Structures are given as structure tokens and as C-alpha cells.
Amino acid sequence: MMEDMCIGNLPFRGWPNPFHAALCLTWDVDDEAPFYSRGISPYHDVSEIEQRQYGVRRALPLIFNLLQKSRVPACFFVPAYIAKQWPAVIQTLADHQYEIGGHGFLHEPVRNLAIQDEDDIVREALTVLRKISRQPVVGYRTPSWQFNTWTPEVLRRYGILYDSSLMGDISVYQLAWDTGQPLLEIPIHWNLDDVEHWGHTHATRDHSISSPSTVYEIWKDELLGIVNQGGVCVLTLHPHVSGRPGFLSVIQRFIDFAQSIPDLWITTPGHIAQYVSAHALTVPRVRLASTMPDTQYGREPAP
Ligand SMILES: [Zn+2]
């Protein structure tokens with residue numbers, strides 16, 4: 001029998017004994033924040049505002065009950081604006097040991113932000129989240145997964161240990177740039193994001209809603225594949241998208257299935273980052289945008 005060919009570097013597999021792979025359940029509590037950051041008045045589209053406010057108003061209590069029943073940890077990335085609207089809800093999640101992570105102030109897309117603007121947003125957002133959650137807040141997910149080459153430097157400046165917004169591997173890795181320390185990345189992917197399957201609004205009615213059983217099979221296959229490779233599977237969910245009763249039953253089935261996998265570490269990205277840091281583990285490192293032309297920061301000028 002031919003052995004598997006080994007080319008390139010292996011993904012990170014340094015999980016704590018006895019685990020051989022990891023799963024993170026994460027929710028981005030966006031609600032209406034992205035709508036406002038696009039400059040759309042709340043008076044312009046009450047329908048979409050209501051669809052989005054369903055997230056914290058009704059879905060989060062259902063998600064909280066599901067997590068409590070299943071006894072699994074989870075992480076909630078929250079725009080500071082939403083945390084300010086619902087401080088008691090965020091405090092309750094934090095008091096029950098769920099991780100709270102940063103997600104912009106008003107879910108601002110960072111692609112066209114100057115460094116100083118991005119710096120101001122991260123600093124102000126983390127100040128609000130740390131005050132409301134009474135947690136150190138060591139993780140960040142950039143809004144809409146947009147990223148600048150200087151983003152790791154900005155995040156590290158304000159005490160962030162990891163980011164979870166990029167798709168460069170199937171296990172944890174590090175992003176390095178010219179200056180400063182590299183930043184740990186806990187990678188995501190479109191196929192593990194509920195919006196791609198179930199996101200549906202007046203503006204996106206040509207985007208059909210996937211069958212719950214189809215989505216379950218996609219997530220299950222991806223989880224099994226990542227487990228076989230010893231990596232980390234990060235599910236990205238949004239209360240206002242998958243917080244419907246039928247979709248939540250798929251999430252419950254997925255959690256039940258994950259809990260049946262031996263030696264799968266169901267944890268939070270914050271716990272992974274703290275474990276890697278505390279044990280000074282070696283993690284594969286990539287150089288950000290290393291193949292780009294040597295323009296200023298390797299970035300096209302903003303339009
Ligand atoms: Zn978001």
C-alpha cells in the first residue's frame with residue numbers, strides 16, 4: 001500500500017491530552033449593527049430592522065437554553081453598539097462563563113478604513129465590551145471577516161490574543177507581518193457560516209434558503225474531515241439568522257453529533273488561545289500577504 005505523500009507543513013495538532021481535534025461554537029451577535037454601519041436609517045426599512053432585532057430579543061434566549069441543556073461552551077462576538085443596547089443580556093452570558101469577543105463598534109467593514117480609524121474602533125469597542133462583560137476579552141472577529149495587513153498589529157495593541165476571521169488553514173496558525181508579534185488565527189470558513197445557507201432578506205430574495213438537513217450534512221462532513229486532520233472546526237452562527245426554531249434543531253443535532261465523537265475538544269477560541277500561549281506551543285506561521293507587490297503595506301489604495 002502506498003503511504004500518504006507528505007508535502008508542506010502539517011497543521012497544528014498540539015491539543016491537550018486526550019483530545020485530537022477541537023470544535024468552537026461561535027455566534028456573531030450582529031443584529032441591526034451592520035445595517036446602521038452602512039449608513040441606512042432605521043426609518044428606511046423597519047422590516048429588516050425587525051428581522052435583525054429578533055436576534056437578541058428572541059433567538060438569544062433560545063440559544064442560551066440550548067447551550068445550557070447541552071452543557072457546551074460557546075463564544076459570542078458582539079459589536080459594542082449591540083452590547084450597549086443589551087448590557088444585561090451580555091452580562092448574563094458572561095456570568096455563565098460564555099466567552100465574549102470583539103466584533104467592531106458598529107460592525108464597521110474595515111477594508112476601507114485607515115489605520116487610525118481602525119485603531120480607534122477596536123480600542124473603543126473593547127473598552128465597552130470589557131466594562132459590560134467584566135471579562136478580559138482576548139478574542140476578536142473582524143466584521144464581515146474583512147482584514148487589513150495592519151489588523152494584527154492593531155488587535156495586539158489592545159490585548160487581543162487571537163483573531164477568528166480568516167480561512168488560511170484547518171487548524172490554528174499565526175499571522176506575521178513586518179513588525180510586532182504574530183497573532184494567533186483560529187480559522188473560519190463560508191461553509192460553516194449560517195448566513196451562506198439561511199441568510200435571506202428583502203434585498204437577497206434571490207438567495208434561496210437551504211434545507212436544514214442539507215446544512216446538517218455539510219457541517220457534519222466538514223467536522224468529520226477536520227477531526228480526521230486533527231484541526232479545529234469553527235461554526236459561525238448569527239442569532240437573527242439561525243435562531244429560528246427549525247434551524248436551532250439542526251444546531252442541536254450537530255452538537256449532539258459532536259458530543260458523540262471521542263476525544264473532540266468542544267471549547268472556545270479563547271481557551272485555545274490561552275492554552276497555546278500558556279504552553280508556548282509551536283504553531284505554523286504564515287507571512288501576511290507575502291506574495292503581494294511591495295506597495296504601501298501591500299494594499300491597493302482605497303477607492
Ligand atoms: Zn458580524
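Where a number appears in this text, it was derived from the coordinates with a stated rule and is not lab data. For clarity, every value in this text was computed on a predicted model and none was experimentally measured. Cβ sites come from the backbone with ideal geometry, for glycine too, and all protein chains shown count toward neighbours.
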For the chain, percent of DSSP beta bridges that are antiparallel (nearest 5) comes out at 10 percent
Quick one: in region 21-289, what % of C-alpha pairs are over 29 Å apart?
28 percent
Taking T204, T149 and counting other C-beta atoms within 10 Å, the order from fewest to most:
T204, T149
Would you list, by chain and number, the lysines whose Cα falls below 23 Å from the Cα of K69, excluding same-chain residues fewer than 8 positions away?
K220
With x for Gly and Pro, the residue-by-residue ³J(HN,Hα) of region 110-117, computed from phi through the Karplus equation 6.51 cos²θ - 1.76 cosθ + 1.60 at θ = phi - 60° and given in whole Hz, is 8, 4, 9, 8, 6, 3, 5, 5
Whole Å is fine, so just give me how far the alpha carbon centre of region 169-245 lies from that of region 22-40.
13 Å
Straight distance only, please: which lysines reach the Cα of K84 with their own Cα at less than 17 Å, same-chain residues fewer than 8 apart left out?
K131
Taking S277, S260 and counting other beta carbon atoms within 10 angstrom, the fewest-first order is S260, S277
